[in-house]
1. Run the quick spin-label model on Arg155 and Arg93: label points 7 Å from Cα toward the beta carbon, then report their separation in nm to one decimal.
2. Would you mind checking the stretch 162-178 for residues with the amide N under 18 Å from a putative spin-label position 7 Å along Cα→C-beta of Glu112?
3. Considering only DSSP states other than H, G, I, E and B, which GluC sites (Glu not before Pro) in the stretch 87-165 qualify as loop sites with at most 10 other Cβ atoms within 10 Å?
4. Ranked highest first by the average count of other Cβ atoms within 10 Å around their residues, in what order do 93-105, 26-38, 129-141, 44-56 fall?
Amino acid sequence: MATKIGAKCIKICGNSNASCSIATDSFEVLLNEHRLEDPLTLHIETMAKNYVQSDFPQKDTQLLIRIICAWGGIRGKNPKRLYNRNKSDNFCRMTHSLRAAHGLSLNGEYGEAIRTLDWTEGAQISFRSKFLKFICPDHAAVLDSNIQKVLGYPRTPAGYEEFVQNCAEVRTTLNNSQMNYGGVPKYWRTSDVEMAIFQEILKPQYDHKRNPPKK
């Protein structure tokens, strides 16, 4: 499904029966709220940026993967498999995969990029997309399980590619309309759009935590 963009409202559509409508001028507010809820994101973005600019040094791969797993709340067998395979040849393969996925994302091949990060058997799209978001924030995003559930994007490489393309379309609209962006760099990225969507979807949960009902 294509994203529906109006003058004052943007509708993100995962399928014909699921969508999320956000006022165009609300994206900056939502992004800033998300940063306040999750301040660690900017620090990991800086770390990942340095990692990419240093041409993916293998000595830093394990630390980056561990930090992103901790940030994303990734638990269970997938990260355990990563850590149990604490061998140089395994992290060499991961380093090459991260570098390849970064290049594919720059070329707009998002589905192929997410396939490249299938390090462990049965790894979910959400798991893999967290790494892609940080190494290529201008062009990639996280297809979080909450977004999948609400918007109906398939949990496949094709579903991921569709979601990222939709976010990129919104990103272009926000930049072309010179919509305020309160961060660094001074332009909207695909990952920023995804974070605003995530914030809109989870906002009721955040509001409930901050203002629990009185007993």
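Computed from the coordinates by the stated procedures, all read-outs in this text should not be read as laboratory data. Just so it is clear, the model here is predicted, and its values are computed rather than measured. No Cβ is skipped: glycine too gets one built from the backbone with ideal geometry, and neighbour counts run over all protein chains shown.
1. 2.3
2. The answer is 162-165, whose backbone nitrogens lie closer than 18 Å to the label point.
3. Glu121
4. Details: 93-105: 19.5, 26-38: 17.8, 129-141: 24.8, 44-56: 14.9.
Listed from highest to lowest mean packing, they are 129-141, 93-105, 26-38, 44-56.
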